[in-house]
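These notes concern the structure reproduced below.
The values are calculated or read from the model by the stated rules, or taken from the named source; none is laboratory data. Just so it is clear, the structure is predicted and the values come from calculations on it, not from any experiment. Cβ coordinates were reconstructed from backbone atoms using ideal geometry, including for glycine residues, and neighbour counts include every protein chain displayed.
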Amino acid sequence: MKKILPVEELARDSRFVRARIEDAISDPRQAKVSERNTGSARLEPARPAAADRARQLMHGIFVGEIQALEGAGRTTFDFDDDEIPFQLKLDMARQCWDESRHCEISVKLSEHMGSEIGEFTEATFLYEAACAPDALLRLTGVNRALEGLAIDVFNTMKEFGDVSGDPVLAACEDWMLADEVTHVKMGSDWLRRLTENDPERRERALEFQRTVDKLFSLGGFRGETDENPIQLARKFREMAGFSTEEIDDLSEVATEAQEEARAAADALHGVASGD
């Protein structure tokens, strides 16, 4: 079997439509916020497009779970025993078990919400981060950054299920949220253990995590203001091994991404209006 399997060789059937997340992020028309569109952007049942946004988010969760399963599975295979501890492989195997269950839950939730596989596109950046040649980068990029985002998303979806009166959605998201806290905690613990005597390597890994975190702030998608649809879940991130300083730094990264998106949207508006 090939090691470090490229994203182009992932198995998908005809229902899946690929989209490059880099294209969506670099397109200023995709900016989530601007000074001309202020006010709450949270996922709330009373908002006109709330149902469609929730279905799209659920589809994104589903494809993310597939890629998380593939990424954790690759880590158990891509590295020799002298490269990473066997216990780390066992943790990744346990994560595969969790992610496979999440895939099944997400498919059923999508059907419950009136959606289907392939209604929305699939971006593959999560799997690409899971293909880093350094196992430590995989842990920070996937288990701490992207699984950390999953904590924020699942918590937001759980709250949406609560306020919209959907106990099925709320219970399923709460169940998966508990697993995500465990996955992030594994990444936090192994980061410390693998870099206990190598602070420079730890800093390189954390810098990679910051890069992934900024990319997945998606121009204001995640943050701590009413302009952010997905809210940072501080309590659960603390349970997963994040320090207060790390969460504060992540909030600043989200704000930077939001300001950059606002500037891009304003520039596009200026071009369109001839200013």
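Apart from one condition, THR225 fits all of (1) out of contact with any Gly (no Cβ under 6 Å at 6 or more places or on another chain); (2) part of a helix (DSSP H, G or I); (3) closer than 25 Å to ALA46 by Cβ; (4) not hydrophobic (A, V, I, L, M, F, W, C); the exception is (2). Scan region 166-176 and give yes if some residue there is part of a helix (DSSP H, G or I), touching a Leu at 6+ places or on another chain (Cβ under 7 Å), closer than 24 Å to ALA54 by Cβ and at pLDDT below 95, otherwise no. Looking through region 166-176, none of the residues is part of a helix (DSSP H, G or I), touching a Leu at 6+ places or on another chain (Cβ under 7 Å), closer than 24 Å to ALA54 by Cβ and at pLDDT below 95.
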